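Novice: Below are the structure tokens for one structure; questions will follow.
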Amino acid sequence: MRVLIQADMEGVAHITDAHQVLPFWVDYWETGRTYLTEEVTAAALGLQAGGISDVVVDDQHLGGPKNLLSERLPESVSLPGPDVIYRQLEERAFDAVFQLARHSRWGTNDGFMAHTQLPGISVALDGQPITESHISAWRAGVPVLGITGDDRLAAQLDGGLVGTPFLAVKRSRGLTETYPIEGDRAGSLASIRDFATRCAQDWRARTSPLPPPSFTLSAHLAPELAEQLVGHHGFALANHGIVAARCEGWWRDAEPAMQAATGIVARPFFETMRSLNLTSPERLGEIDAATLERARDLYTSWLYRPETIWDE
């Protein structure tokens with residue numbers, strides 16, 4: 001049985017500050033990557049203990065796989081690049097997925113670093129806002145064995161994800177305020193490993209959370225960006241700052257529309273990243289202080305701007 005771990009970073013138990021999640025700060029290099037690698041390792045070992053023979057990791061944070069310390073992963077775990085994973089998802093190359101370190105959707109102002117793909121965009125299916133967990137599940141089209149992450153995500157696992165086993169590893173009280181449920185990292189890792197083992201053993205109880213055969217995908221974003229999407233990938237203006245596209249399947253219609261919507265929001269994000277050498281803590285230290293501070297201000301103001309969305 002081949003299982004894909006779909007790993008994010010904001011929902012790691014002992015990551016409690018944005019500085020640990022973004023490569024503009026030394027905390028990301030010193031602690032964030034280590035904590036993520038430890039949780040991926042715990043989940044992988046747990047899945048294997050539960051009988052999963054082939055474990056593959058998809059490092060989904062910031063396009064991965066640089067967030068993980070690959071040399072510290074078990075030798076039995078494979079870490080392909082994102083392009084390989086993306087193709088294999090479309091080809092239905094996995095038997096099931098396990099989602100790790102997930103977070104709540106954009107607009108959840110009491111959820112740590114809440115967003116959907118990127119800050120500044122909310123996505124809905126037939127008018128119901130969805131999370132990244134939904135998107136990742138629909139891309140895979142196979143059973144979701146279990147999900148770990150921020151406690152604020154639990155109530156948002158609706159639709160096809162209802163009933164999916166969920167392990168909250170942290171409690172959030174705001175966009176910047178979160179606490180691990182287990183006081184020490186060893187306890188958090190043990191909980192994740194045990195949870196993954198149970199999920200692997202109970203895989204026959206899981207079904208594939210597929211979207212409806214026909215549905216409307218909506219994106220709510222800045223009005224000037226929404227207008228640029230009109231006429232592309234079936235998008236039409238539905239309301240001020242909201243575009244919608246009628247879809248007849250995830251990979252055929254929804255995925256191209258999703259890529260277009262997130263791509264237009266991501267443009268300043270990735271332009272800033274490409275302008276800086278963020279490949280190591282040493283390179284980070286070589287960046288001009290004023291330039292680095294501007295980049296940091298861009299991201300923190302973007303991530304931590306409270307939103308109330310889908311209120312027409």
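The values are calculated or read from the model by the stated rules, or taken from the named source; none is laboratory data. Please read these numbers as outputs of a predicted model, since none were measured by experiment. Glycine gets a Cβ as well: all are built from the backbone with ideal geometry, and neighbour counts include every protein chain shown.
Novice: Condition first: more than 18 Å from Ile15 (Cβ to Cβ), in contact with a helix residue (DSSP H, G or I) (Cβ under 8 Å, 6 or more places away or on another chain) and polar (S, T, N, Q). Now tell me which residues in the range 94-130 satisfy that.
Specialist: Correct list: Thr116, Gln117, Gln128.
Novice: Test Glu75 against the criterion of being outside any loop (DSSP other than H, G, I, E, B) and over 17 Å from the mean Cα position of the chain (by Cα), and give yes or no.
Specialist: Taking the combined requirement at face value, the residue does not satisfy it.
Novice: Test of understanding: among Gly160, Gly183, Gly149, Gly141, which residue is surrounded by 15 or more Cβ atoms within 10 Å (Cβ to Cβ), at pLDDT below 95 and among the small types (Gly, Ala, Ser)?
Specialist: Gly160
Novice: Of all residues in the range 18-68, how many are assigned to a helix (DSSP H, G or I) and either touching a Lys or Arg at 6+ places or on another chain (Cβ under 8 Å) or over 23 Å from Phe270 (Cβ atoms) (or both)?
Specialist: 17
Novice: Could you give me the residue pairs with C-beta distances under 8 Å whose first residue belongs to the range 292-312 and is modelled with pLDDT under 55, whose second residue is of a type in the set (S, T, N, Q) and assigned to a loop (DSSP other than H, G, I, E, B) wherever it lies, and which are 6+ apart or on separate chains?
Specialist: Partner pairs satisfying both residue conditions: Thr308/Asn109.
Novice: So which strands (runs of 3 or more DSSP E) stay within the range 94-173 end to end and still have 3 or more residues that are within 14 Å of the chain's Cα centre (by Cα) and of a type outside the set (Phe, Trp, Tyr)?
Specialist: The strands (runs of 3 or more DSSP E) meeting that bar are 96-102, 144-150.
Novice: Residues to consider are Asp59, Asp27; find the one that is closer than 26 Å to Arg198 by Cα and of a type in the set (Asp, Glu).
Specialist: Step by step, each of Asp59, Asp27 is checked, and only Asp59 is closer than 26 Å to Arg198 by Cα and of a type in the set (Asp, Glu).
Novice: One residue is enough: does the range 54-71 have a residue meeting the conditions in contact with an Asp or Glu (Cβ under 7 Å, 6 or more places away or on another chain) and of a type in the set (S, T, N, Q)?
Specialist: Scanning the range 54-71 turns up at least one residue that is in contact with an Asp or Glu (Cβ under 7 Å, 6 or more places away or on another chain) and of a type in the set (S, T, N, Q).
Novice: Return yes or no: is Pro256 closer than 24 Å to His61 by Cα, in a helix (DSSP H, G or I) and either at pLDDT 95 or above or in the same structural domain as Leu100 (by TED's automatic domain parsing) (or both)?
Specialist: Yes; evaluated as a whole, the condition is true for this residue.
Novice: (1) in contact with a strand residue (DSSP E or B) (Cβ under 7 Å, 6 or more places away or on another chain); (2) not in a loop (DSSP other than H, G, I, E, B): which one isn't true of Ala190, the others all being true?
Specialist: So the condition that Ala190 fails would be (1).
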